[in-house]
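The values are calculated or read from the model by the stated rules, or taken from the named source; none is laboratory data. Please read these numbers as outputs of a predicted model, since none were measured by experiment. Here the Cβ positions follow ideal geometry from the backbone for every residue, glycine too, while neighbour counts run over all protein chains shown.
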Amino acid sequence: MRITDTADLWWKNAVVYCLDVQTYMDWNGDGVGDLEGLAQRLDHLADLGVTCLWLMPFYPTAGVDDGYDITDYYGVDPRLGSLGDLVEVIRTAKDRGMRVIADLVVNHTSDQHPWFRSARASTDSPYRDFYVWRGDEPPDTSDQVVFPDQEDSIWERTEETGEWYLHKFYKTQPDLNVANPLVRDEIAKVMGYWLQLGLDGFRVDAVPFLLETAGIDEAEAARFPDPHEYLHALRAFLGRRTGAGVLLGEVNLPYEEQVRFFGGGDGDELTMQFDFTTMQQTYLSLARADAGPLAASLAARPEISPDSQWGTFVRNHDELTLDKLSDDERAEVFAAFGPDEAMQVYDRGLIRRLPPMMAGDPRRVRMVYSLLFSLPGTPVLFYGEEIGMGEDLSAGSRLAVRTPMQWTSGPNGGFSDAPADQLTRPVVAGGYAPEFVNVADQRRDPDSLLAFMKLLIRRYRECPELGWGGFQLLDQPHPAVLAHLCTWDDGALVAVHNLGAEPLSVPFTVPGCNAGHRLEDLLTIGSTPLADDGSVELALEGYGYRWLRVVSEDSRRLL
Ligand code: GLC
């Protein structure tokens, strides 16, 4: 195994951790998390084993879409601190071995952004063409809105000029006109600025929407015939400014279409993309205690360039979208994990976190994270997952999972010294309240979820075959079980997961192995010999999981 390669294409086996500064740690006691607070918690993240922080938008914002409605691309929201504080965070993170990426939200600005204020005022504004306008009455577009509970059209009329502007998200988020070369120059300048301040790349928001030209008038769109050429140009620009930079794209599309966003076999567009398909099939598999859908999804993943990578996840900051399932499949997942209407949103997703969905069963929660870290790809965690935080259903919609990080069992979960009613968001109450779920207690408990997550992360990092290697499903007789093999050169790892509650004995054969090989457990102590034909039979508890390194007699890898 060429271990030195892993320091080059670092994103292939990174551990990414997404957080929102405003809900992470409040250091100045005003009830809002801040960059100074985050700096104080970088050691927690380094100790966890995170190698790349993803900061949700920290820019000045109109505050309608939790920072995804930006009013200034070159600043820091003053509630969170200053540019200087951000640089301190980036520098300290780097010292602890962590890279930092941030959201790049350039499909739209806020309607309060100076460009849009100017653009809406008059058709002669120099910024008018930064946005997409139409003069005639738009047709019914209610089936195209992203947030169907809030919007019923992707066009909004302004009083000033009587024309309509395009907005695929909230009406306060007018879409930028990416066909306009001036807009593209501005986007590059924004990227260059943050890279110069030390970021290692971006999580690129809503990429398919950014590249879409529907709605843009024909003459304008003709100036921009191939949106993928533009994505390619952005990646090339990133590479010129910082060789190790990445673009982690949000592209919730079927695999066939995602391939194009990687730049096909050349791998010269998005460096990484989230695997929304496997995430959704994982929940279907969990609901059915049948690994079939997950296995089929992994097998259907298209070939990508060796430089590209999938980002795997079981939760993110948005709704847990199930939009790629059929209506019946989605209904199954809803019934299993979010039967109340208050747990669902947009007719397509759940607003819960994993542990409450697993009815708090620690075996099941650990099995899911074991699965996540053993799947081929780069795992992406959402803050609080490492301790098993729950959600606040009363916050509603996507805010349900964006509650303050729970550091201690004390007031406000140690997030802030401010009076509870002044917090940016209320702390979770009930069974998942800080009294029961917090970092400080779990740090001292070797049996905690936090300790388990650290172990998973350490092993994931020690097994680059997971991020780099080839993937193969292993035949075995139980529908509830996923058995898979990841290989990279002479490194090989077998992972076996039982999605069902019944203990099982799992027979399978490790290809290319014989009695000269054995399987060494990596999450516990244990060693199992293989038969001469490479076969073996392993015991699995209900919701059990095992990671096993394939070891040959002459192996020199550290166990
Ligand atoms: C992406 C983000 C989401 C945001 C939207 C609009 O989908 O993940 O949080 O609201 O883009 O920027």
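Search the range 193-235 for residues being small (Gly, Ala, Ser) and modelled with pLDDT of 95 or more, and hand back the single one that is surrounded by the fewest Cβ atoms within 10 Å (Cβ to Cβ).
That would be Ala233.
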Pairs, first farther than 12 Å from Gln472 by Cα and polar (S, T, N, Q) in the range 291-305, second at pLDDT below 95 and assigned to a helix (DSSP H, G or I), C-beta under 7 Å, six or more apart = Ser305/Gly265
Yes/no for Gln40 being closer than 23 Å to Gln422 by Cα, modelled with pLDDT of 95 or more and surrounded by fewer than 17 Cβ atoms within 10 Å (Cβ to Cβ) | yes
Here are some residues: Met405, Met357. Which one is of a type outside the set (Phe, Trp, Tyr), under 28 Å from Gly542 (Cβ atoms) and crowded, with 21+ Cβ neighbours inside 10 Å?
-> Met357
Would you be able to tell me the number of residues in the range 317-352 that are more than 16 Å from the ligand (Cβ to nearest atom), part of a loop (DSSP other than H, G, I, E, B) and not polar (S, T, N, Q)?
-> 6
Of these, Arg134, Arg184, which one is among the basic types (Lys, Arg), more than 15 Å from the ligand (Cβ to nearest atom) and more than 23 Å from Leu247 (Cβ to Cβ)?
-> Arg134
If we only count helices (runs of 4 or more DSSP H) wholly inside the range 25-137, which ones have 3 or more residues that are within 30 Å of Leu9 (Cβ to Cβ)?
-> 35-40, 42-48, 83-95
Restricting attention to the range 138-159, the residues that are closer than 18 Å to Asn177 by Cβ, away from the ligand (no atom under 16 Å from the Cβ) and assigned to a loop (DSSP other than H, G, I, E, B) number exactly 3
Say we look at the range 52-77 and pick out the residues that are charged (D, E, K, R) and within 11 Å of the ligand (Cβ to nearest atom); which of these is nearest to Tyr383 (Cα to Cα)?
-> Asp66
Right, Arg134: more than 28 Å from the chain's Cα centre (by Cα) and surrounded by 17 or more Cβ atoms within 10 Å (Cβ to Cβ) or not?
-> no
Just for strands (runs of 3 or more DSSP E) wholly inside the range 441-559: which have at least 1 residues that are more than 26 Å from Ile387 (Cβ to Cβ), at pLDDT 95 or above and among the hydrophobic types (A, V, I, L, M, F, W, C)?
-> 470-473, 481-488, 491-498, 504-509, 517-521, 535-540, 545-552
